[in-house]
Amino acid sequence: MARAGQASNNFYESLIGKSIIIYMIGKARITNGDFLDGILIGFDEYTLILNRDGEKYLIYKHAIESICEA
């Protein structure tokens, strides 16, 4: 049986190189809105790296409400 962390890594691995939308929780607004869109280029145990219009954003996983493909 796969551990929860392993299943989570498989989820993020499946999104590498794809255009995604990340919805943020609470007051964790990086732009003047509720979400960021871009291409997921990397992740580790606590963070995601999103490429948006040539700029890289470091996003903490605990600040994410949901993720969907764009």
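Couple of notes before you dig in:
- Any hit, the range 25-44, residues being at pLDDT 90 or above, closer than 25 Å to Gln6 by Cβ and of a type in the set (Asp, Glu): yes
- Qualifying residue in the range 12-23 (condition: touching a helix residue (DSSP H, G or I) at 6+ places or on another chain (Cβ under 6 Å), modelled with pLDDT under 90 and not in a helix (DSSP H, G or I)): no
- Count of residues meeting criterion [touching a strand residue (DSSP E or B) at 6+ places or on another chain (Cβ under 6 Å) and under 16 Å from Glu13 (Cβ atoms)] in the range 47-63: 4
The values are calculated or read from the model by the stated rules, or taken from the named source; none is laboratory data. Small disclaimer: the values here were computed from a predicted structure and weren't measured. Every residue, glycine among them, receives a Cβ derived from its backbone with ideal geometry; neighbour counts consider all protein chains shown.
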